[in-house]
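The values are calculated or read from the model by the stated rules, or taken from the named source; none is laboratory data. On a predicted model such as this, the values are computed, not experimentally measured, just so you know. Positions of Cβ are backbone-derived with ideal geometry, glycine not excepted, and every protein chain shown enters the neighbour counts. Protein only, heavy atoms only, side chains kept; ligands, DNA and RNA dropped before computing areas. Shrake-Rupley method; radii C 1.70, N 1.55, O 1.52, S 1.80 Å.
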Amino acid sequence: MKIIEVVAALLCRGQQFLICRRPAHKARAGLYEFPGGKVEADETPQDALSRECREELGIDTIVGCPVADVTHTYPDLTIHLTLYAVTIPNGDPKPLEHDDLRWITASQLNDFPFCPADVAFHEPIRTYLMK
């Protein structure tokens with residue numbers, strides 16, 4: 001099975017960060033994730049993440065360093081998912097493709113049902129936010 005490159009954003013405001021719930025018409029509906037998406041053939045991961053944040057949240061971003069990555073196999077696909085630290089120079093995220101957006105703290109991660117691949121980022125996020 002082909003591995004699909006996917007990127008995700010760790011958008012922080014102080015000690016809080018953004019999570020998004022997948023809508024009913026998408027795979028893994030109702031589960032939370034970090035915003036992002038597939039890297040297209042003509043894009044760098046950073047360009048893909050900036051594009052996805054514009055499309056999903058209506059914001060411009062500054063993509064920083066990778067925080068963590070994981071390869072995960074779902075029943076329908078295998079992804080290599082990289083989480084990047086991302087800042088928002090101005091504006092507020094809007095739920096253009098998700099049915100819920102939440103700003104949470106690391107202590108709240110276990111309170112939400114996440115896509116399985118995103119669960120692998122819980123500990124790296126806790127470590128990253130302690131820096």
Using the heavy atoms of the protein chains and a 1.4 angstrom probe, tell me the accessible area per residue for the chain in square angstrom.
51 Å²
Take every DSSP beta bridge whose two residues both sit in the chain, then give the antiparallel share in percent to the nearest 5.
70 percent
Expressed as a whole number of Å, what is the distance separating the alpha-carbon centroids of the stretch 88-108 and the stretch 1-52?
12 Å
How big is the stretch 73-131 by the Kirkwood estimate over distinct Cα pairs, in Å?
13.9 Å
Estimated vicinal HN-Hα couplings, Hz - the stretch 65-70 in sequence order (Karplus 6.51, -1.76, 1.60; Gly, Pro = x)
7, x, 9, 6, 8, 8
Nothing charged except the Cβ atoms of Lys and Arg (+1) and of Asp and Glu (-1): what's the magnitude of the dipole of the chain about its Cα centre? Round to the nearest 20 debye.
340 debye
Simple spin-label model, 7 Å along Cα-to-Cβ: T105 to D60 in nm?
3.3 nm
What are the GluC sites (Glu not before Pro) within the stretch 5-50 that DSSP puts in a loop, where the Cβ has at most 14 other Cβ atoms within 10 Å?
E40
Given only helices, namely DSSP H runs of n ≥ 4 each adding -39500 (n - 2.57), what is the per-residue ellipticity at 222 nm of the chain, to the nearest 500 deg cm²/dmol?
-5000 deg cm²/dmol
Simple spin-label model, 7 Å along Cα-to-Cβ: Q16 to H80 in nm?
3.5 nm
Counting only residues 5 or more places away or on other chains, whose amide H sits under 5 Å from the amide H of V67 once H atoms are built in the peptide plane?
L83, Y84, A85
Given H placed on each backbone N at 1.01 Å, which residues far from C12 in sequence or on other chains put an amide H within less than 5 Å of it?
V86
Apportionment of accessible area to carbon and sulfur, the chain, percent (1.4 Å):
52 percent
Where a ≥ b ≥ c are root eigenvalues of the Cα gyration tensor, a/c under 1.5 meaning rounded, otherwise prolate if a/b exceeds b/c and oblate otherwise, the stretch 50-90 counts as oblate
Where only alpha carbons of the chain are counted, the Rg and the Dmax (Å):
13.6, 40
With the dipole of the chain defined by +1 on each Lys or Arg Cβ and -1 on each Asp or Glu Cβ, the option from L96, F114, V86 whose Cα lies farthest towards the positive pole is F114
